[in-house]
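Down below is the structure, laid out as structure tokens.
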Amino acid sequence: MAFFFSDWHVRKEMFPEFIWILNGKRAKIRMEQKITAEKKVISKARWLYVILGLVIMMALGTVYSWSVFRLPVEALYNVGTAQSGLPYMTALLFYALFMFLTGRFFKAWSPRRTILTGALLVSIGWILSAFAPNIQVLTVTYGVISGTGVGIAYGAPLTVVTRWFPEKKGLVIGLVLLGFGLSPLLTAPLARALVEQYGVTQTFLLLGIIFGLLLPVLAMPFKYPEADYAVESNTFGADPKENDMDSAQMIRSANFKGLYFNFIIGTMIGLMMIGLTSNIGIELIGMAQKDVVLFVSMFAVFNGVGRPVFGWLTDRLSAKKAMLFSYTQIILAAALMLLAKNDSVVLFVVAFSIFWFNVGGWLAIAPTATNNMYGPKYYSQNYGVVFTAYGIGAVLGVSSSGLLLDTFQNYAYIFYLVIASCLIGCLLTLIFFKANDGSKAEQTTPAWASHKNSDLSVPLDELREINSKIGAGIGTVE
């Protein structure tokens, strides 16, 4: 043994393979130590994107606080309920439209640039709304311009967090969307106070200025992880098997039909019930308006909480099971409201807590299912296509509920429509989600992966790759 080590400079020439393996193992150990240290830093820093995304969504979600402006707008322009709803409806339509266009045509943009563009349009739309001389111009400024900005900015934070959190996409999508759901809880009282203090036009101006200053600052840190991080994302527990599909492939799949039609049904029911909450509370249950407003704030919390809950369920179970679970809850809520009468406050609160909870749920099921089923590579454009269902659902929900109420003058028919829609949704789910239950397709594990944990040897190609990465580490790029 002494001879062996004393004559090492000679012996090492006799065992080139042994030396190569030994050097490779040392390099691998050094690389693993470096990755482990950097993982700890990255795993903490990446939560910043979730927090910033939540705040951005809270600002963008002010579009849902239109009910605060509706009566002042009617008084200002001397218009009725139908016309005062035009800016809100137009904002929802352009929001959905530009979600689609952004994913399809602006995919080369950095997330920072995308959010900045959307923020600029949101700010301009609100500021110009302060100078709108009539409801038609307000529909353009608030509906078209501001709605377009929301649609452009909306998808970027979601895309960023799904790339930084490959192992818990559903949870972080839900957490970011929590801001959109909770927005009315905070922005509606703020807007109401501003309207009472300064009037509706000055409130538009103030909020536009606030958004113009705040959103660009929040957008600055946003960036995607670089390719090396994506390659090593399984070190955080992500499933390395991806099934990336572009939009053309996605549309041809059976699961897409199930996801798309179910998203239409889910948003149709949700937006319809949100729009009728105050009317039902006042006219059917006989509550005072101030009491209904208090409960709406509570319902907004359920709306927000539904997003991370259903995002997590979609990740842990499947899109199919999350959809069926949502439909079951909605049917229960509608059945409770069929039993409700004057002074049935408890039934009203329980039922509409469920309705609002599931509104948020569908806005987490759809993006999480899109990412899980079709992969992260084309997520932005794919979810843009899926989100067009939101616009269709908004139009169907508002128009169908208005038609039923005008025809029958009875809220019971609204709940019959909700139950029938849920049953159709359950049937569509069972038909279209048969093959893989809403999960990603399996891919064959690369042959070299079986050598990864070998204690005896390391493949030559892997050693060369390790040596080439020793000085690189894991970082980020724009």
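The values are calculated or read from the model by the stated rules, or taken from the named source; none is laboratory data. Note that the structure is a prediction, hence the values are computed from the model and not measured. Note that we place each Cβ from the backbone using ideal geometry, even for glycine, and neighbour counts take in every protein chain shown. Heavy atoms of the whole protein, side chains included, go into the accessibility calculation; ligands, DNA and RNA do not. Shrake-Rupley method; radii C 1.70, N 1.55, O 1.52, S 1.80 Å.
What the table shows:
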{"item": "Whichever residue in segment 273-291 is free of Cβ contacts under 8 Å to residues at least 24 places away in the same chain and open to solvent by 50 Å² or more (accessible area, probe 1.4 Å) and, among such residues, is nearest to Ile419 (Cα to Cα)", "result": "Asn279"}
{"item": "Index of the failed condition, Val79 passing every other in (1) at pLDDT below 90; (2) assigned to a helix (DSSP H, G or I); (3) under 24 Å from Pro184 (Cβ atoms)", "result": "(2)"}
{"item": "Count - residues of segment 324-378 that are open to solvent by less than 10 Å² (accessible area, probe 1.4 Å), of a type in the set (S, T, N, Q) and modelled with pLDDT under 90", "result": "2"}
{"item": "Boolean, Asn262 is closer than 30 Å to Leu403 by Cβ and part of a helix (DSSP H, G or I)", "result": "yes"}
{"item": "Single condition Asn410 does not satisfy, out of (1) modelled with pLDDT of 85 or more; (2) in a helix (DSSP H, G or I)", "result": "(2)"}
{"item": "Pair list, Cβ under 9 Å, 6 or more apart: segment 394-410 residue closer than 18 Å to Thr277 by Cβ and without any contact (Cβ under 8 Å) to a residue 60 or more places away in the chain, other residue of a type in the set (A, V, I, L, M, F, W, C) and surrounded by fewer than 16 Cβ atoms within 10 Å (Cβ to Cβ)", "result": "Gly402/Ala82"}
{"item": "Of the criteria (1) at positive phi; (2) part of a helix (DSSP H, G or I), which one Ile280 fails", "result": "(1)"}
{"item": "Qualifying residue in segment 464-476 (condition: assigned to a helix (DSSP H, G or I) and modelled with pLDDT of 50 or more)", "result": "no"}
{"item": "Residue in segment 335-357 that is closer than 25 Å to Ala96 by Cβ, outside any helix (DSSP H, G or I) and of a type outside the set (Lys, Arg) present", "result": "no"}
{"item": "Residue within segment 82-101 that is assigned to a helix (DSSP H, G or I), without any contact (Cβ under 8 Å) to a residue 40 or more places away in the chain and closer than 26 Å to Val296 by Cα present", "result": "yes"}
{"item": "Within segment 379-400, considering residues that are open to solvent by less than 30 Å² (accessible area, probe 1.4 Å) and of a type in the set (Val, Ile, Thr), the one nearest to the chain's Cα centre (by Cα)", "result": "Val386"}
